[in-house]
Amino acid sequence: MTKQTAERRSNRRRLFAAVHLHSMQSREDLVTLTRSGYAGVRLAGHFALSEMGDRELVSLIALLRDARGVGLRVSWSGDRGALEIGCLRHLDPPRQSDGTFAWSAQQGASLVVRRGPAFLAVEDTRYGERRRFDIDRSEPAAAVLDASRWGHTITPEEAASIHALELHDLVFRSGDHGVGIAVRQGVWCV
């Protein structure tokens with residue numbers, strides 16, 4: 001590879017794609033941007049999180065999760081209002097109207113899920129010590145953690161099952177919509 005080619009690739013990796021939230025529909029859209037050489041996504045608009053509709057808010061959180069999962073940073077603007085954000089600290093925060101970030105990134109904090117054939121293994125270091133959760137894939141809660149759809153509507157069966165996941169801050173829920181917030185990091189070969 002020539003020096004000029006290496007410089008072009010390096011410059012592309014620093015580029016952020018300017019997009020609207022509604023133009024991004026799935027993790028696959030983010031993968032396409034990554035393969036095109038983008039380092040991140042710059043979301044258009046300003047998001048008042050506590051005023052957003054349930055489905056739109058959950059879709060935004062899913063976008064943040066999936067962008068992190070494919071190696072993209074998200075630059076965005078928003079105000080959290082009264083929304084509790086403790087469980088989201090492993091995701092890219094919005095810049096607020098006053099120029100500060102809505103939450104601070106914790107060094108080394110991560111929440112990842114790996115998929116096995118019969119289970120999901122979640123590792124959480126957001127609260128200091130490492131916590132691990134194994135979730136049977138036959139449980140309805142596993143469908144919420146593993147869901148690739150953004151703005152997932154929680155079924156009555158899932159609602160009863162995800163209560164324990166909510167207690168451990170593994171799910172972000174707004175109304176009848178929810179999303180597992182663990183960043184998906186591949187498949188374990190067992």
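Given the criteria open to solvent by 20 Å² or more (accessible area, probe 1.4 Å), part of a loop (DSSP other than H, G, I, E, B), of a type outside the set (A, V, I, L, M, F, W, C) and under 28 Å from residue 46 (Cβ atoms), does residue 71 qualify? Considered against the rule, which asks whether it is open to solvent by 20 Å² or more (accessible area, probe 1.4 Å), part of a loop (DSSP other than H, G, I, E, B), of a type outside the set (A, V, I, L, M, F, W, C) and under 28 Å from residue 46 (Cβ atoms), residue 71 comes out as yes.
Per the conditions (1) in a strand (DSSP E or B); (2) within 23 Å of residue 165 (Cα to Cα); (3) of a type in the set (Val, Ile, Thr), the sole criterion not satisfied by residue 61 is (1).
Collect the residues in the stretch 103-135 that are more than 16 Å from the chain's Cα centre (by Cα) and either aliphatic (A, V, I, L, M) or open to solvent by 80 Å² or more (accessible area, probe 1.4 Å) (or both), keeping them in residue-number order. 107, 117, 118, 120, 121, 127, 129, 130, 132, 134, 135 - these are the residues of the stretch 103-135 that are more than 16 Å from the chain's Cα centre (by Cα) and either aliphatic (A, V, I, L, M) or open to solvent by 80 Å² or more (accessible area, probe 1.4 Å) (or both). Of the set (1) without any contact (Cβ under 8 Å) to a residue 24 or more places away in the chain; (2) open to solvent by 40 Å² or more (accessible area, probe 1.4 Å), all apply to residue 51 but (1). Assess whether residue 72 counts as being under 22 Å from residue 175 (Cβ atoms), in contact with a Phe, Trp or Tyr (Cβ under 7 Å, 6 or more places away or on another chain) and not hydroxyl-bearing (Ser, Thr, Tyr). Taking the combined requirement at face value, the residue does not satisfy it. Here the stretch 136-157 is the region considered, the condition is being open to solvent by 10 Å² or more (accessible area, probe 1.4 Å) and small (Gly, Ala, Ser), and the residue that is farthest from residue 56 (Cα to Cα) is 138.
For the stretch 54-68, the candidate set comprises residues that are open to solvent by 10 Å² or more (accessible area, probe 1.4 Å) and touching a strand residue (DSSP E or B) at 6+ places or on another chain (Cβ under 7 Å); within that set, the residue that is nearest to residue 150 (Cα to Cα) is 55.
The values are calculated or read from the model by the stated rules, or taken from the named source; none is laboratory data. Predicted model, so just to flag it, every value in this text is computed and none were measured. Cβ: placed from backbone, ideal geometry, glycine included. Neighbour counts: every protein chain shown. The protein model used for the area step is the full one, side chains on, heavy atoms only, and it has no ligands, DNA or RNA in it. Shrake-Rupley method; radii C 1.70, N 1.55, O 1.52, S 1.80 Å.
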